[in-house]
Amino acid sequence: MVMMPPPQAQPRPIPAPQPSPPMAAANHEQGANMGFIAHDLAKRFPAYSADRFLLVDASAQTMQLVENGRVSGEWVVSTALKGVGSRKGSEQTPLGVHRIAQKIGAGAALGTIFKARQNSGRIANILTRPDQDSSEDNVTTRILWLDGLEPGFNKGGSVDSYERYIYIHGTDEEGKLGRPASHGCIRMRNRDVMELFDRVGEDTLVVIAARKP
């Protein structure tokens, strides 16, 4: 079950991915779950295609690309160090359904540092050990800028993901991937975000979910 929206918001929650069942049933269970999510997205957001969407699991620190009900790609990510939440200034990763509003950085070299979504012309030193800290919260290689689709939950007012500059992006702290580490965004390996950038378009739906403890 995903974490529920605040009292003033009433979007119907998307279910989080379930823990892996025994191997013999894993593919069937996963397919059923992804199919349910796709059906729910198609019903609630008919203006967008549910044939291809991204599913971010903030509990497992993974992101999956789902195409026609099947997982066609999976990557390790980092969501926010401070957990999940939508409030401006919280430095948390927002839950719920988003869309890719803008893709930024096509053609930029691996490790390119972006400042305010502009190519700085600098290349980051990619840190690969978990104990290494970057001197900056660098956004590198590619940017997928997210726009919330659930008013009062991740869109509008003080909970607007787009106005909070929530991205999927590359990071120079690759050694921290697989555990919460960001200031709200969804971080990826630089080669992974290059691959993802080429596989999805603007208006692709992005579901961010987390299991309750």
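The values are calculated or read from the model by the stated rules, or taken from the named source; none is laboratory data. The structure displayed is predicted, hence computed values, not measured ones. Reconstructed Cβ throughout: ideal geometry from the backbone, glycine too, with neighbour counts over all protein chains shown.
Below is a table of values for the structure above.
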item: Pairs with Cβ under 8 Å, 6+ apart, first in segment 123-134 and more than 7 Å from GLU173 (Cα to Cα) and in contact (Cβ under 8 Å) with a residue 24 or more places away in the chain, second of a type in the set (A, V, I, L, M) and surrounded by 12 or more Cβ atoms within 10 Å (Cβ to Cβ); result: ALA124/ILE113
item: Test for GLY178: is it of a type in the set (Gly, Ala, Ser) and either within 14 Å of ARG99 (Cα to Cα) or surrounded by 21 or more Cβ atoms within 10 Å (Cβ to Cβ) (or both); result: no
item: Selection from segment 166-182 of residues that are in a loop (DSSP other than H, G, I, E, B) and either more than 15 Å from ILE208 (Cβ to Cβ) or of a type in the set (A, V, I, L, M) (or both); result: ILE166, THR171, ASP172, LEU177, GLY178, ARG179, ALA181
item: Residues satisfying the stated conditions in segment 187-207, i.e. in a helix (DSSP H, G or I) and in contact with a helix residue (DSSP H, G or I) (Cβ under 9 Å, 6 or more places away or on another chain); result: ASN190
item: Hits in segment 91-114 (condition: in contact (Cβ under 8 Å) with a residue 60 or more places away in the chain and either of a type in the set (A, V, I, L, M, F, W, C) or under 14 Å from ALA181 (Cα atoms) (or both)); result: GLU91, GLN92, THR93, LEU95, VAL97, ILE100, ALA101, ALA106, LEU110
item: From the options LEU55, LEU41, residue that is at pLDDT 95 or above, farther than 18 Å from ARG142 by Cβ and part of a helix (DSSP H, G or I); result: LEU41
item: Tally, over segment 115-147, of residues that are closer than 22 Å to ARG179 by Cβ, of a type in the set (A, V, I, L, M, F, W, C) and over 17 Å from the mean Cα position of the chain (by Cα); result: 3
item: Residues satisfying the stated conditions in segment 113-139, i.e. on the phi > 0 side of the Ramachandran plot, in a loop (DSSP other than H, G, I, E, B) and surrounded by fewer than 12 Cβ atoms within 10 Å (Cβ to Cβ); result: ALA116
item: Members of segment 67-112 that are within 14 Å of the chain's Cα centre (by Cα), of a type in the set (Val, Ile, Thr) and surrounded by 17 or more Cβ atoms within 10 Å (Cβ to Cβ); result: VAL77, THR79, VAL84, THR93, VAL97, ILE100
item: Segment 75-114: number of residues that are of a type in the set (S, T, N, Q) and in contact with a Cys (Cβ under 9 Å, 6 or more places away or on another chain); result: 3
